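Here's the structure, in C-alpha cells; my notes come after.
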Amino acid sequence: MSIAEVYSGFATREAHGVSPAYERLALAVSRDDEVLALLGTLPPAKRQPNLLFGVVRLLGGPVEDPAAFHDWAVANWPAIAAEMRSRATQTNEAGRCAVLLPVLAALPRPLALLEVGASAGLCLYPDRYAYRYGDHQVGSGEPVLECAATGMAPPAGLPEVVWRAGLDLNPLDVTGPADLAWLDALIWPEHTHRRARLRAVAAVAAAEPPLLVRGDLVDDLPALAAQAPAGATLVVFHSSVLYQVPASRRAAFVEVVRGLPGHWIANEDPDVLRHDTLPEPPGGALNNVLALDGRPLAWTRGHGQAISWFA
Ligand SMILES: C[S@@+](CC[C@H](N)C(=O)[O-])C[C@H]1O[C@@H](n2cnc3c(N)ncnc32)[C@H](O)[C@@H]1O
C-alpha cells in the first residue's frame with residue numbers, strides 16, 4: 001500500500017465519524033506530494049498518520065487546518081522526523097478497564113495483575129476507577145468509565161488487586177510531564193473527555209506507581225510473572241497490543257502465556273489474535289474480542305466504550 005493510500009484509508013476507515021479534524025488532515029496529506037515525499041524518507045513503520053499527527057501536536061503545530069498543517073510540517077520537518085523516528089504510538093486508554101472488569105471481577109481473589117504492552121500502566125488500576133454500565137454503577141472512585149453493555153449482567157463489584165506490574169518495550173512514566181504530554185498528544189483533537197480522563201487516571205497511577213519493566217512480551221514475561229506474590233491469582237492481560245507485534249512473535253507469546261499459571265485475558269482485534277469461531281460482530285465499531293484463557297467472550301469497542309457479550 002502506498003503512503004497516500006495509508007492516509008486516505010485512515011481518513012475513511014478510522015477518522016471518519018470519530019475525528020473530523022484528522023479525517024480532513026489525513027485526506028489532505030494523501031494528496032500532498034510534498035509531505036508524502038517527506039514521509040517517504042522515514043522507515044515504513046514510522047510513517048503512520050497517528051504518529052505524524054501526534055508528533056505535530058506534541059511540537060505545538062496546527063492540526064485543524066490542512067493548509068496551515070502543510071506549511072508548518074514542511075518548515076519544521078527535521079524536528080518532526082526526529083520525533084517520529086524516536087517515538088511510537090502508545091496511547092494508554094484506561095477506558096479499556098470497563099471491558100476487562102467483567103472478567104477480572106469473576107476471578108478468584110486476590111489478583112496479581114501483569115499487563116503486557118502496558119504503556120504507562122494506566123489499565124493496571126481497574127480496582128480504583130468507577131464504572132457505569134447503563135444505569136448500573138460499580139465502584140465509587142474517579143474517573144467514572146462509561147460502557148454500553150449488552151448480553152451481560154453488570155459486574156458485581158471491583159476486584160481486589162494486591163500486585164500490579166507492566167511490561168513494555170518503552171514504558172511511559174506519568175509521574176513526569178514529558179511522557180504525560182506525549183500521551184496527551186496522542187489523543188485525537190476533539191476527544192476532550194479522553195484528555196480529562198487521562199489527567200484523572202494519571203493522578204491515580206502517580207499516587208501509587210506500578211512496577212513497570214522495560215522488556216519484550218515474549219522474552220521477558222516469564223521472569224516478571226515469577227515475581228507475582230504467591231497466594232494471588234496471576235492475571236496476564238493485554239489490550240490493543242498484538243497489532244504492533246509481528247505474527248511469529250504473537251504465536252510465541254501465546255505459547256509462553258499459556259504455559260504460565262493463573263489466567264490470561266486478551267482484548268485484541270481478531271485479525272491479529274485469531275479464534276476458531278466467532279459470532280458476527282454486532283456493528284457499532286465493536287472490533288475487538290475479549291477472551292479468557294483463549295476462549296472468546298465478547299465483542300468490545302476500541303477504547304472500552306461498549307461491550308457485547310456472546311459467550
Ligand atoms: C497501543 S498501546 C496500548 C497500551 C495499553 N495496552 C492500553 O490498552 O492502553 C501498545 C503498547 O504495546 C507496547 N508493545 C508493542 N510491542 C511490544 C512488545 N513486543 N513487548 C512489549 N510491549 C510492546 C507498545 O510500546 C505500546 O506501549
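The values are calculated or read from the model by the stated rules, or taken from the named source; none is laboratory data. Fair warning: this is a prediction, and the values are worked out from it, not measured in the lab. In this analysis, Cβ positions are derived from the backbone assuming ideal geometry, glycine residues included, and neighbour counts consider all displayed protein chains. Side chains are part of the model used for accessible areas, which takes the heavy atoms of the whole protein and leaves out ligands, DNA and RNA. Shrake-Rupley method; radii C 1.70, N 1.55, O 1.52, S 1.80 Å.
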Item to check | Radius 13 Å from Cβ of Ala228, net charge of other residues (Lys, Arg +1; Asp, Glu -1) | outcome: 0
Checklist entry - Any idea what the dipole of the chain comes to, in debye rounded to 20, about its Cα centre with Lys/Arg Cβ at +1 and Asp/Glu Cβ at -1? => result 340
Checklist entry - If you count the DSSP beta bridges with both ends in the chain, what percent of them are antiparallel, to the nearest 5? => result 35
Checklist entry - For the charge dipole of the chain, defined by +1 on Lys and Arg C-beta atoms and -1 on Asp and Glu C-beta atoms about the Cα centroid, which residue among Gly304, Ala26, His191 has the Cα displaced farthest towards the positive pole? => result Gly304
Item to check | Point-to-point label distance, Ala181-Met1, nm (Cα→Cβ direction, 7 Å offset) | outcome: 3.1
Next on the checklist: I need the Kirkwood Rh of segment 132-282: take the reciprocal of the average 1/r across all distinct C-alpha pairs and report it in angstrom.
Outcome noted: 18.1
Item to check | Hydrodynamic radius (Kirkwood) for the chain, which is based on Cα pairs only, to one decimal in Å | outcome: 20.2
Next on the checklist: Give the average over all directions of the projected area of the C-alpha convex hull of segment 19-133, one decimal, in nm².
Outcome noted: 9.4
Next on the checklist: Can you give me the Kirkwood hydrodynamic radius for segment 31-81, using every pair of distinct Cα atoms, in Å to one decimal?
Outcome noted: 11.0
Checklist entry - What whole number of Å gives the distance from the Cα centroid of segment 149-177 to the Cα centroid of segment 49-65? => result 28
Checklist entry - Which residue, Ala21, Ala185, Ala223, has the most motion in a Gaussian network model of the chain that connects Cα atoms within less than 10 Å? => result Ala223
Item to check | Label-point gap, in nm, between Asp173 and Val144 - each point 7 angstrom along Cα→Cβ | outcome: 3.5
Next on the checklist: Ignoring trypsin sites (Lys or Arg not before Pro) that are buried or in helix or strand per DSSP, and keeping those with at most 15 other beta carbon atoms within 10 Å, what is the longest stretch of the chain between them?
Outcome noted: 32-273
Item to check | Modelled FRET efficiency - R0 41 Å, Ala226 with Glu64, Cβ distances, 0.05 increments | outcome: 0.25
Item to check | Ser30 - accessible surface, heavy atoms, 1.4 Å probe, Å² rounded to 10 | outcome: 20
Checklist entry - Can you tell me the Rg and the Dmax, both Å, for the Cα atoms in segment 95-169? => result 12.2, 39
Checklist entry - Calculated FRET efficiency, Ala156 and Arg295, Cβ-Cβ r, R0 30 Å, to nearest 0.05? => result 0.90
Item to check | Helix-derived mean residue ellipticity, 222 nm - over the chain, DSSP H n ≥ 4, -39500 (n - 2.57), to 500 | outcome: -10000 deg cm²/dmol
Item to check | Linear extension gain, Thr12 paired with Trp309, 0.36 nm per residue minus alpha-carbon span | outcome: 104.1 nm
Checklist entry - Based on the Cβ-Cβ distance of Gln137 and Ala285, what FRET efficiency does E = 1/(1 + (r/R0)^6) give at R0 = 25 Å, to the nearest 0.05? => result 0.55
Checklist entry - What GluC sites (Glu not before Pro) does segment 1-108 have in DSSP loop regions with at most 15 other beta carbons within 10 Å? => result Glu64
